[in-house]
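> Mind having a look at this structure? Questions to follow.
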Amino acid sequence: MKISRISAIALAALAPAIANAQLSQILGVIHSAQIAVAQTAQVQPQQDTAQLQAQQAQQKRIDYQTQHPVCNANCPLDPADQAKYDAQQRRDQQEGQQQLQAARNVLAICPDLANAKFNSAERIIRCRNKGLTEEQQMTVVGGLPPLAQAYAASMVQDVYEDNVTDPSRGKSISDYYNACLQRGTPCARPKW
């Protein structure tokens, strides 16, 4: 019995200390929870801002796709794109007309450029001998189909850079570049 009395007295004496320790732990947990809530409140607005920006960007994409639906090649252009397209077409047409007129002017200066009885390089050489500049000859080259332009431009460049003045040399130059054109391969530039 003595032990139980001593235990009861010890327990009564220790109860406030145990209660205080438990209370300290409870207060510590409450304090930690308050700090966590405060930190979450600070982080939450940053996350909300990022989330809001992401939602706004997504909405912009949706709005754009609504205004500009995905379409096949046969879709009509929206008015702004159609206006740009029409303006580009007009510019291209005007440039084409200007190039055509410039080529006609060059052909008026040297009709040999259109004379079918001469080969290509011979025409270039004959007109060079009549005073036509390399730039004027390139104006006529610009009216050729795109693939032929490269080879014709090479002939003009060769004639002027190598100072070829003998029209009879035109056959070998034309034959060389025509063979490259038919093969569809680039030509190394020989010295004429």
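> Filter segment 89-118 for residues that are more than 40 Å from the chain's Cα centre (by Cα) and either among the hydrophobic types (A, V, I, L, M, F, W, C) or not in a helix (DSSP H, G or I) (or both) and give the result.
Taking segment 89-118 as the starting set, the residues that turn out to be more than 40 Å from the chain's Cα centre (by Cα) are 108-112, 114-118.
Of everything in segment 89-118, those that are more than 40 Å from the chain's Cα centre (by Cα) and either among the hydrophobic types (A, V, I, L, M, F, W, C) or not in a helix (DSSP H, G or I) (or both) turn out to be A108, I109, C110, A114, N115, A116, K117, F118.
> Name the single residue, out of those in segment 161-177 being within 30 Å of Q101 (Cβ to Cβ) and surrounded by 17 or more Cβ atoms within 10 Å (Cβ to Cβ), that is nearest to the chain's Cα centre (by Cα).
Here the answer is Y177.
> Another question about this same structure. Just to verify a result, which residue in segment 104-147, among those that are closer than 14 Å to V164 by Cα and β-branched (V, I, T), is surrounded by the most Cβ atoms within 10 Å (Cβ to Cβ)? Quick ask: steps written out before the conclusion?
Kept after step one, since they are closer than 14 Å to V164 by Cα, are these residues of segment 104-147: 120-134.
Within this subset, residues satisfying the condition of being β-branched (V, I, T) are 124-125, 133.
On the way: I124: 31, I125: 25, T133: 12.
Here the answer is I124.
> Just to be sure, is T49 part of a helix (DSSP H, G or I), at pLDDT 70 or above, surrounded by 10 or more Cβ atoms within 10 Å (Cβ to Cβ) and hydroxyl-bearing (S, T, Y)? Talk me through it step by step, then tell me what you get.
Details: part of a helix (DSSP H, G or I): yes; at pLDDT 70 or above: yes; surrounded by 10 or more Cβ atoms within 10 Å (Cβ to Cβ): yes; hydroxyl-bearing (S, T, Y): yes.
Taking the combined requirement at face value, the residue satisfies it.
> Within segment 97-119, does at least one residue satisfy the condition of being within 28 Å of C187 (Cβ to Cβ), small (G, A, S), without any contact (Cβ under 8 Å) to a residue 24 or more places away in the chain and in contact with a helix residue (DSSP H, G or I) (Cβ under 8 Å, 6 or more places away or on another chain)?
There is at least one residue in segment 97-119 that is within 28 Å of C187 (Cβ to Cβ), small (G, A, S), without any contact (Cβ under 8 Å) to a residue 24 or more places away in the chain and in contact with a helix residue (DSSP H, G or I) (Cβ under 8 Å, 6 or more places away or on another chain).
> Would you call A121 closer than 14 Å to I173 by Cβ and under 32 Å from the mean Cα position of the chain (by Cα)? Give the steps one after another, and end with the answer.
Working: closer than 14 Å to I173 by Cβ: yes; under 32 Å from the mean Cα position of the chain (by Cα): no.
Here the answer is no, as A121 does not meet what is asked.
The values are calculated or read from the model by the stated rules, or taken from the named source; none is laboratory data. Everything numeric in this text was worked out from a predicted model, so none of it was measured. As a convention, Cβ positions derive from the backbone with ideal geometry for all residues, glycine included, and neighbour counts pool all protein chains shown.
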